[in-house]
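The block underneath contains the structure these notes are about, expressed in C-alpha cells.
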Amino acid sequence: MEEGLFITLEGIDGVGKSTQAQLLVEYFTEKGCDVVHTFEPGGTKLGQSIRRMLLDPENQQLAPVTEILLYAADRAQHVAEVIQPALAQGKVVVCERYIDSSVAYQGYGLGLSVDMIAAVNKLATDGLEPNLTICLDAEPETALARVGGDRIEKRALSYYERVRAGFLSIAAQNPQRVIVVSAEGLETEVAQRVQRSVVGRLAQ
Ligand SMILES: Nc1ncnc2c1ncn2[C@@H]1O[C@H](COP(=O)(O)OP(=O)(O)OP(=O)(O)O)[C@@H](O)[C@H]1O
Ligand SMILES: [Mg+2]
C-alpha cells in the first residue's frame with residue numbers, strides 16, 4: 001500500500017511539462033517533502049533504451065500496437081523500479097507523462113482502441129493511478145512553437161488537435177483526478193496556476 005503522493009503532468013509536446021515539473025519539485029522541496037522527479041518514456045535505464053527506439057527517426061514505420069507496447073513496457077519498469085518504491089517510502093513523486101499520454105496520443109491521436117490501451121496499461125502498472133494529474137493545455141501552435149522537431153513533433157497539426165482534445169476528454173471523464181491548467185502565458189504565471197491547483201486539491 002502506497003502512502004506517498006503521486007502527481008503526473010500531462011499535455012502535448014512543448015506545453016511546459018518539464019518546466020512546470022521542475023518548479024513543482026522545488027515547491028515541494030521547500031515545503032520539506034522528499035520528492036522524486038521522474039518522467040516517461042525513459043525514467044529507468046531500460047526505459048532509456050526504449051525511449052531511443054521510440055524517438056529514432058529510422059523507426060517511423062513502428063506499427064501503432066508496437067508503439068503502445070513499448071510505452072507500456074517502459075511504464076511497467078518505471079513503476080516497478082522508481083515510482084512504486086518511492087511511494088512506499090512516503091515520497092512525493094512528480095512524473096512527466098503517464099498513462100494519459102498513451103491514451104491521448106495512441107488512442108485519440110492515432111485512433112487505436114482506448115479500452116485496449118487502458119487494459120494494457122493497467123497490466124503494466126498493476127493498476128497504479130496518480131493521486132493528481134495536472135493537464136497543461138495550450139493551442140498546439142503555441143506549444144509546438146516552443147520546441148524543435150523529432151519524430152512525433154513532425155506529425156501533422158491536426159494530429160495534435162486530436163491529442164489535445166483527447167487530454168481534455170480524459171480530464172472531463174476523471175474530474176476527481178485531473179485538473180486542466182492553461183499553459184498559455186509566462187512560465188511564472190503557469191507555475192502559479194499549477195501550484196494553486198495542487199494546493200487546492202490537496203486541501204480537499
Ligand atoms: N510558459 C512558457 N512560455 C514560453 N516558453 C515556455 C513556457 N514554458 C516552457 N517554455 C519553454 O518551452 C520549451 C518547452 O517546454 P518544456 O520542455 O517544459 O515542455 P514539455 O511539455 O516538457 O515538452 P516535451 O513534450 O517536448 O517534453 C522549453 O524551451 C521551455 O523553456
Ligand atoms: Mg519535457
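The values are calculated or read from the model by the stated rules, or taken from the named source; none is laboratory data. The shown structure was predicted, so the numbers you read here are calculated from the model rather than taken from an experiment. Here Cβ is always computed from backbone atoms with ideal geometry, including for glycine, and neighbour counts include all displayed protein chains.
Taking the condition touching a residue at least 40 places away in the same chain (Cβ under 8 Å), in a helix (DSSP H, G or I) and either more than 25 Å from Gln77 (Cβ to Cβ) or in contact with a Leu (Cβ under 8 Å, 6 or more places away or on another chain) (or both), does Val180 pass?
Here the answer is no, as Val180 does not meet what is asked.
Could you tell me whether Glu141 is in contact (Cβ under 8 Å) with a residue 12 or more places away in the chain and either touching a helix residue (DSSP H, G or I) at 6+ places or on another chain (Cβ under 6 Å) or under 22 Å from Asp13 (Cβ atoms) (or both)?
Working: in contact (Cβ under 8 Å) with a residue 12 or more places away in the chain: yes; either touching a helix residue (DSSP H, G or I) at 6+ places or on another chain (Cβ under 6 Å) or under 22 Å from Asp13 (Cβ atoms) (or both): yes.
Spelling it out, Glu141 is indeed in contact (Cβ under 8 Å) with a residue 12 or more places away in the chain and either touching a helix residue (DSSP H, G or I) at 6+ places or on another chain (Cβ under 6 Å) or under 22 Å from Asp13 (Cβ atoms) (or both).
Please find, within the stretch 86-131, the residue that is nearest to Ile68 (Cα to Cα) out of those that are away from ligand 1 (no atom under 16 Å from the Cβ) and among the basic types (Lys, Arg).
That would be Lys122.
State which residue pairs qualify: first residue on the phi < 0 side of the Ramachandran plot and inside the stretch 14-39, second residue of a type in the set (Phe, Trp, Tyr) in any location, beta carbons under 7 Å apart, and separation of 6 or more residues or different chains.
Once the first residue is on the phi < 0 side of the Ramachandran plot and sits in the stretch 14-39, its partners that are of a type in the set (Phe, Trp, Tyr) give Val35/Phe28.
So in the stretch 33-66, with the set limited to residues that are over 20 Å from Val181 (Cβ atoms) and of a type in the set (Asp, Glu), which one is nearest to ligand 1 (Cβ to nearest atom)?
Looking at the filtered set, the residue picked out is Asp56.
Here is a yes/no grid of residues against (1) over 15 Å from Thr133 (Cα atoms); (2) modelled with pLDDT of 95 or more:
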position	(1), (2)
Asp150	yes, no
Arg155	yes, no
Leu168	no, yes
Ala171	no, yes
Pro175	no, yes
Ser182	no, yes
Leu186	yes, yes
Val194	no, yes
Arg201	no, no
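Going by the conditions given, is Gly127 surrounded by 21 or more Cβ atoms within 10 Å (Cβ to Cβ), over 26 Å from Arg196 (Cα atoms) and not aromatic (Phe, Trp, Tyr)?
On the way: surrounded by 21 or more Cβ atoms within 10 Å (Cβ to Cβ): no; over 26 Å from Arg196 (Cα atoms): yes; not aromatic (Phe, Trp, Tyr): yes.
Against the criterion (surrounded by 21 or more Cβ atoms within 10 Å (Cβ to Cβ), over 26 Å from Arg196 (Cα atoms) and not aromatic (Phe, Trp, Tyr)), Gly127 does not qualify.
Would you mind telling me which numbered condition in (1) within 16 Å of ligand 1 (Cβ to nearest atom); (2) in contact with a Cys (Cβ under 7 Å, 6 or more places away or on another chain) Ile83 fails?
The one condition Ile83 does not meet is (1).
Could you say which residue among Val198, Val114, Val94 is over 25 Å from Leu55 (Cβ atoms) and not polar (S, T, N, Q)? Break it down into steps so the answer makes sense when it comes.
Numbers: Val114 fails: over 25 Å from Leu55 (Cβ atoms); Val94 fails: over 25 Å from Leu55 (Cβ atoms).
From the options Val198, Val114, Val94, the qualifying one is Val198.
Identify the residue in the stretch 12-55 that is hydroxyl-bearing (Ser, Thr, Tyr) and within 11 Å of ligand 2 (Cβ to nearest atom) and, among all such residues, is surrounded by the most Cβ atoms within 10 Å (Cβ to Cβ).
Going through the stretch 12-55, the residues hydroxyl-bearing (Ser, Thr, Tyr) turn out to be 18-19, 27, 29, 38, 44, 49.
Next, only the ones that are within 11 Å of ligand 2 (Cβ to nearest atom) stay: 18-19.
On the way: Ser18: 14, Thr19: 19.
Per the criteria, the residue is Thr19.
Please state which one of Leu46, Leu24, Leu5 is hydrophobic (A, V, I, L, M, F, W, C) and more than 16 Å from Val82 (Cα to Cα). Lay out the reasoning, then the answer.
On the way: Leu46 fails: more than 16 Å from Val82 (Cα to Cα); Leu5 fails: more than 16 Å from Val82 (Cα to Cα).
Checking each option against the conditions leaves just Leu24.
Hey, could you check the stretch 1-32 for residues that are hydrophobic (A, V, I, L, M, F, W, C), closer than 24 Å to Ile170 by Cα and more than 14 Å from ligand 1 (Cβ to nearest atom) and say which is nearest to the chain's Cα centre (by Cα)?
Of everything passing the filter in the stretch 1-32, Ile7 is nearest to the chain's Cα centre (by Cα).
I'm trying to understand the selection: among the residues of the stretch 1-41, which are within 27 Å of Glu184 (Cα to Cα) and in a loop (DSSP other than H, G, I, E, B)? Break it down into steps so the answer makes sense when it comes.
Narrowing the stretch 1-41 to residues within 27 Å of Glu184 (Cα to Cα): 5-31, 35-41.
Those that are within 27 Å of Glu184 (Cα to Cα) and in a loop (DSSP other than H, G, I, E, B): Gly11, Ile12, Asp13, Gly14, Val15, Gly16, Lys31, Glu40, Pro41.
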